[in-house]
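Input: a single structure, listed below in structure tokens.
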Amino acid sequence: MSGCGLFLCSVAARFCRTPAAFTVSRRPLVTSPPSRAFAKDLFLGKIQKVRRRRGGLGLSNTMYARLGEVIGLDASIAVTLAAHQAIGLKGIILAGSKEQKARYLPRLASGEHVAAFCLTEPASGSDAASIRTRATLSADKRHYILNGAKVWITNGGLANVFTVFAKTEVVDSNGSVKDKITAFIVERDFGGITNGKPEDKMGIRGSNTCEVHFENTRVPVENVLGEVGDGFKVAMNILNSGRFSMGSTVAGMLKKLIEMTAEYACMRKQFNRNLSEFGLIQEKFALMAQKAYVMESMAYLTAAMLDAPGSPDCSIEAATVKVFSSEGAWTCVSEALQILGGAGYIRDYPYERLLRDSRILLIFEGTNEILRMYIALTGLQHAGRILTARVNELKRGNVTTIMETVGQRLRDSLGRSVDLGLTGKLGVVHPSLADGAHKLEENVYYFGRSVETLLLRFGKTIVEEQLVLKRVANVLINLYGMTAVLSRASRSIRLGLRDHDHEVLLANIFCSEAYHQNLFTLSQLDKHSPENLDELVKKVSQQILAKRAYICTHPLEQTS
Amino acid sequence: MSWAQAILLARGLSRGWGGICSTALTGAPFSQVPPQAPRGLRCSAVAHNPDSSLVPRPPEPSRRPVKALAVHEELFRPALDGTRDKANFVRAVQNFAEYNVHKRGHVDFIYLALRKMREYGVERDLSVYNLLLDVFPKEVFRPRNIFHSIFIHYPRQQECGIAVLEQMENHGVMPNNETEFLLMQIFGRKSYPMLKLVRMKLWFTRFKNINPFPVPRDLPQDPVDLASLALRHMEPDLSARVTTYQMPLPKDSPDTMDPTETHIVGIQSPEQQSALARHDPVRPIFVEGPFSLWLRDKCVYYHILRADLLPPEEREVEEIPEEWNLYYPMQLDLTYGRSGWDDYKFNIDEVEEGPVFAICVAGAHDQATLAKWIQGLQETNPALARIPVVFRLSGSSGELLASSSELEEPPPPPPEGQEEEEDSQQRQQQGQS
């Protein structure tokens, strides 16, 4: 961590603890945009992943994650910043031409202008085909006329630079005209841009979310991001790239939370004992610590992978981090509020605000359900390609392949010990974590077998089996968590970091829990397994949705 | 009964009391008396022959109508104002009860009353059934010793009691405590009617909610309401909308002109609407009907608008747009599909039927009314203007005997072509006008 980075972290931390930040989020409804205040504070400007020559700091992914940890103390600020730079101007960085970067990035990086990302419409959340905003080429072919409405845009009221996705007519190579999405950089000065009133949200009330309407906005042709018709890929890249920092942000928030809650638990006495002596309270603290540890490990592991030369595609890992940390945040904040009991429910304490703020984590940046589909399907796509040859042989009825498969299955069912080389003399994992490592290896092996069976059973049509995909994704998330945790704990021991045995404890707890969860999930993936209740679940939901109500008769009903 | 009466009358006549007897007895209308009395009066001149009066008379050549009146049928004569309702029925039953202390002929009377209940509209009224059971003399038919219980004590009466309960069962009337008490008083606890009652009490409660598609007990009388109930009953989709295209004219005016406007009520769900919008105008769609739908005791006739199934070659494969979902791939790039062991789509009992686009219930089953329906449908389905509509109406609504049946055969192809042209011309004219 460079000195500059450390300095920034302290500034950020101090800002987030100021009353200003606190009151911003506590106001019933934000009446005046607070952005100018802290943008001028140079706070906004400096935290960019924009390169130095454009005025940014040139932070790497790891440093950005570290900074996220500090910002996470106040969710509204974090969200405003993320909307500005993780998605708002990321389009320009990823897909913009040199001129566009030179024109827009300096002022965006300094905080003079704020950016927003305009993709969602009333009729289109994840469905790109139903986007209705249109951009038509004007007669002189130098402008695009933009018409449409976008909904739930963070920073919509403050932003000057919007990344807007609209449908344009594109002529194909074979002459057919199709509607494709294109990304545009739209400045507020182009005219025709109006905002709705700021939405009254459950949490993150300090950030500005509103509708943005475009009426005959003239966008010069030079402001097209990427190619005309390429907007889909631009959108996907932007969305996939900003996710991993949620892990460290949430971990930072959880660490603070543990401090506050532990303070309370050790002070309060009931039945002549401190709260901290009761088993159920201790369990909650262990849960919070464990989740924070796993989140941190996963986030920094992903950040390091992204920082590797060649910028590999770590979108699955980023999605995994997002899913795990958002759900972990929700459960942990809920438990922390529970430890405080009635006091946690009172608005004078920050717990209920944290709970409300952390609810949005499960929804934005891709809802967790959608991300699970993404994780599972991308992984299965990859596995499917490798297994294509094998699957084709099996389907054709190649005797040797069938015998091999049958033999393998028999040996699996008789119980085998899996050794993938994690432990042992040349193993990377430290011997005190050998237990966890064995569990990970076993899970990985059986997961591989299950994936093969699933692909054989379903093939392409696995896209429709969402309940199966959910289980695959859950296993993947656990496996990644185990990997991150084992590697971090081993490193701690080998480096001799302080309290490394505590880390070993956390790692072992998480590995055991995840192992057993994975075993159960994998057993549910078998065909006709008794643990798999999918058929019944589908039947129940069909009957409920046919009547659109709860259909059981009331318990007090009689037939007399 | 008749020979006993004859003896009585003969005795009365011999004392010259025939006329007085008849007048004394006409306090309760008594079908046998009037024909007998004048005969008695007429015969009085010849009645001094004691032999002829003791012999039971052979049955008279009937001067009555072909349908022989049952005993006590007079009780059920329509009242002064001609209405048959519960009050009249109750009065008739009570008149019988007053007529004879010994309640002779109560079994026949009860059978008669059961038959008459439907006319009076009281077949679902529990209090009427209890009243009818009250007609039985109490305590007489109860078994008193073991021999009574072994052999069916008073079998005709027990059968009659069972018949009453069976009619209750057929009309779905649930017996109550009063029924139980009455049966206990009349037949005792070990009798067959009591057994039937106990069974009714058990199974009726169990079977009350057994219909997965219940029809309300009191059906609406208004034809438009009945039609919308029927349509909602048939259409499983809850987002479907019922539209009344035409209300029936009120029959206030005493004109002899027939009301040509009958009700037309239709239903269509949003999925049907979009399917109709996607339908290829080259293929015709058919109005078929009338089909009957029974709701309890009312029959409703409906017509459907449907198209034939496309042959498998012409079926459109749904195109998955390439760039559809921003978050995850909707289509995996693999060459192999589902294995046969996991394919649950084929069901041998399910036959694919062509799409049904709308259903309607109309008062008249002729082409003019249904054409009005199609016109009304065109407002919400503009695509319908370009699709040829063929009317395949089988004129027989065969459920009810009252309606006339004119069978229109589905027209052979050349006239079909003509009809199509007519229809499309009609459409165009109507579209233009």
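Bear in mind that the values in this text are calculations on the coordinates, not laboratory data. Every value quoted in this text rests on a predicted model; they were computed, and no experiment measured them. Cβ coordinates were reconstructed from backbone atoms using ideal geometry, including for glycine residues, and neighbour counts include every protein chain displayed.
Descriptive notes on the structure:
- Scattering profile of the stretch A:400-542 at q = 0.08, 0.12, 0.19 Å⁻¹ [log10 I(q)/I(0), Debye over alpha-carbon scatterers]: -0.28, -0.59, -1.12
- Here the Kirkwood formula, the inverse mean of 1/r across different C-alpha pairs, assigns the stretch A:291-334 a hydrodynamic radius of 10.9 Å.
- Inter-label distance, nm, simple model (7 Å from Cα along the C-beta direction), A:Thr331/B:Lys208: 4.6 nm
- Fraction of beta bridges assigned by DSSP in chain A that are antiparallel (%, nearest 5): 85 percent
- Residue ranges A:203-210, B:206-213, A:368-375 sort as A:203-210, A:368-375, B:206-213 when ordered by packing (mean number of other C-beta atoms within 10 Å per residue, highest first).
- Reachable lysines from A:Lys255, criterion Cα separation under 19 angstrom, eight or more residues apart if same chain: A:Lys284, A:Lys291, A:Lys322
- Zone residues, the stretch A:308-344, relative to A:Ile363, backbone N less than 20 Å from point 7 Å out along Cα-to-Cβ: A:322-335
- Within the stretch B:285-392, percent of DSSP bridges classed antiparallel, to nearest 5: 75 percent
- Cβ crowding within 10 Å, taken as a proxy for footprinting-reagent exposure, orders B:Trp203, B:Trp324 from fewest neighbours to most as B:Trp203, B:Trp324.
- Per-q log10 I(q)/I(0), chain A, q = 0.05, 0.09 Å⁻¹ (Debye; single scatterer per alpha-carbon; no solvent): -0.25, -0.80
- Full extension of the chain between B:Arg77 and B:Arg144 gives 20.2 nm of extra length, using 0.36 nm per residue less the Cα-Cα distance.
- With the highest mean first, a sort of the peptides A:541-549, A:340-348, A:447-455 on other beta-carbon atoms found within 10 angstrom per residue produces A:447-455, A:340-348, A:541-549.
- Judged by the mean number of other Cβ atoms found within 10 Å, the most tightly packed of the peptides B:352-362, B:145-155 leads the ranking B:352-362, B:145-155.
- With a Förster radius of 60 Å applied to the beta-carbon distance between A:Leu533 and A:Arg142, the computed FRET efficiency rounds to 0.50.
- Overall Cα dimensions of the stretch A:156-206, principal axis frame, Å, largest first: 50, 27, 14
- q = 0.11, 0.16, 0.17 Å⁻¹: log10 I(q)/I(0) that the Debye formula gives for the stretch A:50-135, counting C-alpha atoms only: -0.38, -0.76, -0.83
- Translational D in µm²/s for the stretch A:116-236 (Stokes-Einstein at 37 °C, 0.692 mPa s, Kirkwood Rh from C-alpha pairs): 224 µm²/s
- Modelled FRET efficiency - R0 51 Å, A:Lys460 with A:His502, Cβ distances, 0.05 increments: 0.60
- Per residue of A:126-132, other chain Cβ atoms within 10 Å of the residue Cβ number 4 on average.
- For the residue pairs A:Lys395/B:Lys345; A:Lys439/A:Lys527; A:Lys538/B:Lys201, the alpha carbons lie more than 29 Å apart in A:Lys538/B:Lys201.
- Computed E for A:Gln338/B:Ala368 - FRET, C-beta separation, R0 51 angstrom, nearest 0.05: 0.10
- 15 Å Cα-Cα reach of A:Lys539 towards aspartates and glutamates, excluding residues that sit fewer than 8 places from it in its own chain: A:Glu465
- Average beta-carbon neighbours from other chains, 10 Å sphere, peptide B:336-347: 4
- Per residue of B:208-214, other chain Cβ atoms within 10 Å of the residue Cβ number 1 on average.
- The stretch B:66-208 shape via C-alpha gyration tensor axes, a/c threshold 1.5: oblate
- Residues of the stretch A:520-556 with an amide N closer than 13 Å to a point placed 7 Å from the Cα of B:Leu238 along the Cα-to-Cβ direction: A:541-552.
- Residues listed by number, the stretch A:372-406, amide nitrogen under 13 Å from A:Arg449 label point at 7 Å toward C-beta: A:405-406
- Spin-label model, B:Arg315 to A:Leu495: label points 7 Å out along the Cα-to-beta-carbon direction sit 6.1 nm apart.
- Sequence-separation-based contact order of chain A, relative, with Cα cut under 8 Å and 6+ spacing, percent: 11 percent
- With neighbour counts taken as other beta-carbon atoms within 10 Å, the residues B:Lys201, A:Lys291, A:Lys439, A:Lys197 rank, fewest first, as A:Lys197, B:Lys201, A:Lys439, A:Lys291.
- Taking other Cβ atoms within 10 Å as a rough exposure proxy, A:Phe510, A:Phe165 sort from fewest to most as A:Phe510, A:Phe165.
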